[in-house]
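Engineer: Before I ask anything, let me first share the structure, which is written out below as structure tokens.
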Amino acid sequence: LSFIFDLWQKKRGTKAMPSRAELDPADFHRLWPVTFLLEKGTTGDDWYVRFAGAAYSSVYGREITGAPVREIVPASLAPQVLADLKQCIEEHEPIVIEGETNWPDRGNVYRYQRVLLPYGTEEEGVTHLLGVAAFYNSAGATVF
């Protein structure tokens, strides 16, 4: 996760955050399976998944690209996930989260580390959030 954070810092330079135009997926192609990109909707606080790597299809049990965030996050996790997004958006700063997530309907429990990185402009604020996660099983071995 430090690689993607360092890349974000380099792109940011002296600005509050890099713009979406500066986000080049070729810079971090090795991380695509555990990467997601959220885009702010045109109204309200809606966010949509614009890209989700293969790990997220495994975690969610389906393809989530194009889905609204509010529809894919289990109700038990929604308050924390939304609070993490809000913090990143308001502070214009990356946040690192460690935790455990549980999808009871699928019987999967994962420990994870995730970094959220804001992209946008001074005029528009945060328009995109790039997330990269590492998932671990109960023994601590990397799953994704």
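Engineer: Quote the accessible area belonging to T42 in square angstrom, nearest 10, computed with a 1.4 Å probe and with ligands, DNA and RNA left uncounted.
Structural biologist: 150 Å²
Engineer: If you split all Cα-Cα distances of the chain into 5 Å bins from zero, what percentages do you get per bin, shortest first?
Structural biologist: The calculated distribution, bin by bin, is 2, 9, 20, 25, 22, 14, 7, 2, 0, 0.
Engineer: In straight Cα distance, which aspartates and glutamates are under 14 Å from K15, not counting same-chain residues fewer than 8 positions off?
Structural biologist: Straight-line reach from K15, under 14 Å: E91, E93, E122, E123, E124.
Engineer: Now for a different question. Tell me the label-point distance for the pair Q80, L1, using the 7 Å Cα-to-Cβ offset, in nm and rounded to one decimal.
Structural biologist: Here the answer is 1.3 nm between the modelled labels.
Engineer: Using r as the Cβ-Cβ distance of E22 and S57, and R0 as 25 Å, what FRET efficiency do you calculate, to the nearest 0.05? Kindly include the intermediate steps, with their values, before the conclusion.
Structural biologist: Details: r = 27 Å, r/R0 = 1.08.
Computed FRET efficiency for E22 and S57: 0.40.
Engineer: Once the piece of chain linking W32 and E122 is laid out straight, how much longer is it, given 0.36 nm per residue of separation minus the C-alpha distance between them? Please list the in-between numbers first.
Structural biologist: Working: separation 90, 0.36 × 90 = 32.40 nm, distance 2.73 nm.
Taking 0.36 nm per residue and subtracting the Cα distance, the gain is 29.7 nm.
Engineer: Where in the chain is the longest stretch that carries no GluC sites (Glu not before Pro) classed as loop by DSSP and with at most 12 other Cβ atoms within 10 Å?
Structural biologist: Values: sites that count: E63, E122, E123, E124.
Excluding the exposed sites themselves, the longest stretch runs over 1-62.
Engineer: Just to check I understand the Karplus step: with θ = phi - 60° and J = 6.51 cos²θ - 1.76 cosθ + 1.60, what whole-Hz values come out for segment 76-91, glycine and proline as x?
Structural biologist: After applying 6.51 cos²θ - 1.76 cosθ + 1.60, I find 5, 9, 3, x, 6, 4, 5, 5, 4, 4, 4, 4, 5, 5, 6, 8 Hz.
Engineer: Suppose the chain between V109 and V96 were pulled fully straight at 0.36 nm per residue; how much longer would it get relative to their current alpha carbon spacing? Present the calculation step by step, with values, prior to reporting the outcome.
Structural biologist: Working: separation 13, 0.36 × 13 = 4.68 nm, distance 1.94 nm.
My answer for the length gained is 2.7 nm.
Engineer: Sort V81, V115 from largest to smallest accessible area, using a 1.4 Å probe on the heavy atoms of the protein chains.
Structural biologist: Working: V81 30, V115 0 Å².
Descending accessible area places them as V81, V115.
Engineer: Ok, one more. Which FRET efficiency value, to the nearest 0.05, is calculated for R50 and N137 with the Förster distance at 30 angstrom and r the Cβ-Cβ distance? Show your work: numbers first, answer last.
Structural biologist: Numbers: r = 28 Å, r/R0 = 0.94.
The formula returns an efficiency of 0.60 here.
Engineer: Determine the order of D6, D27, D84 by accessible area, beginning with the largest, at a probe radius of 1.4 Å. It would help to have the intermediate numbers written out before the result.
Structural biologist: Numbers: D6 90, D27 60, D84 10 Å².
If we order D6, D27, D84 from most to least accessible, we get D6, D27, D84.
Engineer: How high is the relative contact order of the chain, given as a whole-number percent (alpha carbon pairs under 8 Å, six or more residues apart)?
Structural biologist: On the way: 243 pairs, mean separation 35.5, N = 144.
Result for the chain is 25 percent.
Engineer: What stretch of the chain, leaving out the sites themselves, is the longest with no trypsin sites (Lys or Arg not before Pro) in a DSSP loop having at most 16 other Cβ atoms within 10 Å?
Structural biologist: Values: sites that count: K15, R62, R106.
Excluding the exposed sites themselves, the longest stretch runs over 16-61.
Engineer: Please give the charge dipole size of the chain, origin at the Cα centre, charges +1 on K and R Cβ atoms and -1 on D and E Cβ atoms. Round to the nearest 20 debye.
Structural biologist: Details: 14 positive and 19 negative charges, 82 e Å.
About 400 debye.
Engineer: Which lysines, if any, have their Cα less than 17 Å from the Cα of K40, not counting same-chain residues under 8 positions apart?
Structural biologist: Straight-line reach from K40, under 17 Å: K86.
Engineer: Please check: in the Gaussian network model of the chain (C-alpha springs, under 10 Å), which one of H128, H29, H92 has the largest mean-square fluctuation.
Structural biologist: H29
The values are calculated or read from the model by the stated rules, or taken from the named source; none is laboratory data. The shown structure was predicted, so the numbers you read here are calculated from the model rather than taken from an experiment. Here Cβ is always computed from backbone atoms with ideal geometry, including for glycine, and neighbour counts include all displayed protein chains. For accessibility, only protein heavy atoms count, side chains too; no ligands or nucleic acids. Shrake-Rupley method; radii C 1.70, N 1.55, O 1.52, S 1.80 Å.
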